[in-house]
Amino acid sequence: MHKFKLYRYFDIIFSVIGLLIGWPILLVILIMGFFDSRKPIFLQKRVGLYGREFTLIKFRTMPIGTKSIATHMVDASSVTNFGAILRKTKLDELPQLINVLCGDMSFVGPRPCLFNQLELINERRKRGVLNVLPGITGLAQVSNIDMSDPILLAKIDQEMINNLSVYQYFKYIFQTVSGSGAGDKVKNKEDIE
C-alpha cells in the first residue's frame, strides 16, 4: 500500500489549499446555516481506517434530531431547503477538508459508512476495503452507486482500491468537482409509498 503514501501527500497539500482558498465560502455557509438550523455544523461518528471510529464533519442539511441512519433511507422531506442546495452543489462536504487534513479521510477512497451498516462493514472487511482511508469521492460516488446495495458498493470499492493510480485519483476529484455523481441520495416520496 505504498502508493497510498503518495496520495496522503496530495491530500495534505490540496486540503490546505482548499481551506485557504475556500474559507470565505465556508464562513458564508456557516452564517447562512446558523439561520437555517441554528447548528450549521454536523458531526457524526463514522467507520474509518481499519474500522476505527472517527468524527465526520459536514454542513448540516437536515433538521436537528433527524435519525442517524444511512442517507438513502432518509425521506427527502427531511432535507431543509438550504440543505437541498448544499447537497446539490456538494458544498455540504467542504468541512471534510478538515477530516482530510487531519488524516481521518482522503480525497479519494470508499465513502465512510455508519457503524449500524453492518452488512456493508462486513463486506468491506472481507474485501480489504477498510485497510485504506475513507474518501470524499471515488469510483462508487462518480458512478452514482450509493449504500443501498452493500455488496455491489464493497465490490466497486475493492475494484477502485486495487486499480487506483495517480491518474484516477485526479480523475475522480475532477469528475466530482465538475458535477459527476449525485452524492448520497435520499428517498423520494414515491420510494416510500
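Values in this text are rule-based calculations from the coordinates and carry no lab data. Worth saying up front: this structure is predicted, and the values here are computed from it rather than measured. When we count neighbours, we look across all protein chains shown, and the Cβ atoms used for this are built from the backbone with ideal geometry, even at glycine.
A simple charge model with +1 on the Cβ of Lys and Arg, -1 on the Cβ of Asp and Glu and nothing else charged puts the dipole of the chain at about 420 debye relative to its Cα centre. With a Förster radius of 30 Å applied to the beta-carbon distance between Gln168 and Leu30, the computed FRET efficiency rounds to 0.40. Multiplying the residue separation of Ile85 and Ser180 by 0.36 nm and subtracting their alpha-carbon distance yields 32.6 nm. Here the simple spin-label model places points 7 Å from the Cα toward Cβ, and for Glu159 and Asn131 these points are separated by 2.0 nm.
Among 48-58, 101-111, the peptide with the highest mean count of other Cβ atoms within 10 Å heads the list, and the full ranking is 101-111, 48-58. Scaled to the globular estimate 2.2 N^0.38 Å, the Cα spread of region 3-192, given as radius of gyration, is 0.98. Extension gain, Leu152 to Tyr9, is 48.5 nm, computed as 0.36 nm per intervening residue step minus the present C-alpha separation.
For the pair Ile41 and Leu118, a Förster radius of 25 Å applied to the C-beta separation gives a FRET efficiency near 0.35, rounded to the nearest 0.05.
Within the chain, antiparallel bridges make up roughly 70 percent of the DSSP beta bridges whose residues both belong there.
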